[in-house]
Amino acid sequence: MGMRRFDVIIVGAGAAGIGIAAMLKELGVERMVVLERGEVGSTFNKWPKEMQLITPSFTTNFYGHLDLNAVVASTSPAYMLRKEHPTGREYARYLKDIAEYFDLPVIEQVNVEKVLHSGGSFRVHITKGNPIESRFVIWAAGEFQYPNINSFAGAELCLHNSLVKSWKYVKGDEIYVIGGYESGMDAAIHLSRLGKKVRVLDRDRVWSKRTTDPSENLSPFTFERLEKEMTHKRIELFGQSVVREVSIEQGRYLIYVKGKSLPYQSTTPPILATGFKSSLILVKELFDWEKEKFYCLLNEEDESIKTPGLFLVGPQVRHDDLIFCFIYKYRQRFGVVANAIGNRLGLETELLESYRDEGLYLDDLSCCGQECVC
Ligand SMILES: Cc1cc2nc3c(=O)[nH]c(=O)nc-3n(C[C@H](O)[C@H](O)[C@H](O)COP(=O)(O)OP(=O)(O)OC[C@H]3O[C@@H](n4cnc5c(N)ncnc54)[C@H](O)[C@@H]3O)c2cc1C
């Protein structure tokens, strides 16, 4: 790998890692590397084949609004792919093209196992090869490749939605889906399109929530698809259904729901769409954690309050009730992280100002959280 000591190591070449790498390169950070366990955009390549981005892409750049799914200024997945809702594989192509066009220093097939911090420096341990040192680490390893399969007893008997290559490989005519947010609804819609009956069990009733924050309720894209699919009467939604346990008896899956005396029964493994543990489990000791909602505590530069020099980019960034879990949200913090690192490396950071208009640099969070009036 040549040089073993860097100014910046970015872990993960997904949407967040590629976006921040491009900005740091523009800023003039030279001794930087992006370590990626698979290939650029590998999470998106792992999405079920039918899954599309729920956030729409559109060629809005011409009139000063960056495409909602773009991670780099002056780029647009809508323009490149001619798609409003790209599939995962298509979006991975966008990321790969960005990495090539901007000649980003990505090293693929390098798995980061752990990160140690001492004496103001980081030591990043990789699966094959010697540890690599760096002054700063940007954690951008995402969530998708770290499914949560411990949400209740027997959850491991279910099929986590992130492990489905295509919905057409799911056997059976009647499928239970546990979890009714975006992943669960996406599963239900695709299974119904294949002619299967689907029962969605959700602890709340996500489909009834109404706020303007898509981190709290379903997206318009999903409502629209769901409404259309519901006309075929194959999807049933069960709210207030807290699954306590799944077990298997004589080849049948028994799904026990709180307050219901008899379990639901299924001949096929229920689909588990209850979320992700997040890659942060690999570096959890380097962060302090909010005790009730369990998110990592960051300062106003999105740096760990426990470990100076460790930054977080991506959907796990959270400040109180502001959850940055979509591309168009978390990309706005790229400028904040680039500014912090640029200043500490003694670089000229004025050029970052132009990113404010592009929606890539938001440091004043008081403007977020407005509800729509209609
Ligand atoms: C099912 C689902 C649907 C979503 N749909 C949308 C949507 O429509 N619109 C939207 O804006 N957001 C969506 N999101 C949010 C989504 O998480 C992000 O937009 C995006 O994938 C996050 O980008 P990322 O770079 O943080 O993570 P990822 O895309 O997961 O990238 C992380 C990268 O890090 C690599 N990596 C992981 N661990 C290691 C390691 N130990 N060592 C080295 N490399 C590692 C991975 O291989 C991967 O390439 C969705 C999320 C999920 C789970």
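Derivation of every value follows stated rules applied to the coordinates shown; laboratory data play no part. Not measured: the values here are computed from a predicted model. Glycine gets a Cβ as well: all are built from the backbone with ideal geometry, and neighbour counts include every protein chain shown.
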**OP:** Would you mind pulling out the separation of the Cα centroids of the stretch 233-280 and the stretch 1-75, in Å?
**Re:** 35 Å
Original post:
When S366, S183, S162 are ordered from fewest to most other Cβ atoms inside 10 Å of their Cβ, what list results?
Top reply: S366, S162, S183
Original post:
Using Cα atoms only, what is the angle between the long axis of helix 15-27 and the major principal axis of the chain, expressed in degrees (0 to 90) to the nearest 10?
Top reply: 10 degrees
Original post:
Which whole-Hz couplings ³J(HN,Hα) result when phi for each residue of the stretch 49-56 is put into the Karplus expression 6.51 cos²θ - 1.76 cosθ + 1.60, θ = phi - 60°, listed in order with x for Gly and Pro?
Top reply: 3, 7, 6, 10, 4, 7, 6, x
**OP:** List the relative contact order of the stretch 6-161 as a percent without decimals, with contacts defined as Cα pairs under 8 Å and 6+ residues apart.
**Re:** 30 percent
**OP:** Straight distance only, please: which aspartates and glutamates reach the Cα of K260 with their own Cα at less than 18 Å, same-chain residues fewer than 8 apart left out?
**Re:** D202, D204, E236, E245
Subject >> Model label zone, T127; criterion: amide N under 17 Å from point 7 Å along Cα-to-beta-carbon; scope the stretch 78-114 >> reply: 107-114
Subject >> Relative contact order [Cα under 8 Å, 6+ residues apart], the chain, whole percent >> reply: 18 percent
Original post:
On full extension of the chain, what length is gained from R82 through K260, given 0.36 nm per residue of separation minus the C-alpha to C-alpha distance?
Top reply: 59.3 nm
Original post:
Pairing the Cα long axis of helix 220-230 with the longest principal axis of the chain, what angle in degrees results, from 0 to 90 and rounded to the nearest 10?
Top reply: 20 degrees
Original post:
Counting Lys +1, Arg +1, Asp -1, Glu -1, what net charge surrounds I341 among other residues with beta carbon under 10 Å of its beta carbon?
Top reply: -1
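Too long at a 27 Å Cα-Cα cut-off: which of K171/K284; K49/K277; K114/K171; K196/K228; K46/K171?
Checking Cα-Cα distances, K171/K284; K114/K171 exceed 27 Å.
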**OP:** Return the percentage of antiparallel bridges among DSSP beta bridges fully within the chain, rounded to the nearest 5 %.
**Re:** 45 percent
Original post:
In angstroms, what radius of gyration and Dmax does the stretch 284-364 have, counting Cα atoms only?
Top reply: 12.9, 40
**OP:** Taking the Cβ of each residue in E174, E182, E290 as the centre, tally the other Cβ atoms inside 10 Å and list the residues starting with the fewest.
**Re:** E290, E174, E182
Original post:
What is the extension gain from E245 to S151, computed as 0.36 nm multiplied by their sequence separation minus the C-alpha to C-alpha distance, in nm to one decimal?
Top reply: 32.9 nm
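Work out how much length D288 to E300 would gain on full extension: take 0.36 nm times their residue separation and subtract the Cα-Cα distance, in nm to one decimal.
On the way: separation 12, 0.36 × 12 = 4.32 nm, distance 1.45 nm.
Contour length minus Cα-Cα distance gives 2.9 nm.
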**OP:** Please arrange R234, R89 by counting, for each residue, the other beta carbons lying within 10 Å of its beta carbon, fewest first.
**Re:** R89, R234
Subject >> Cα-only Debye scattering, the stretch 222-374: base-10 log of I(q)/I(0) at q = 0.13, 0.15, 0.19 Å⁻¹ >> reply: -0.85, -0.96, -1.18
Original post:
With the radius of gyration and the Kirkwood radius both derived from the Cα set of the chain, what is their ratio Rg to Rh?
Top reply: 0.98
Original post:
By DSSP, what percent of the beta bridges with both residues in the stretch 155-272 are antiparallel, rounded to the nearest 5?
Top reply: 40 percent
Original post:
Can you give the FRET efficiency for T211 and K49, using 1/(1 + (r/R0)^6), R0 = 25 Å, r = Cβ-Cβ distance, to the nearest 0.05?
Top reply: 0.20
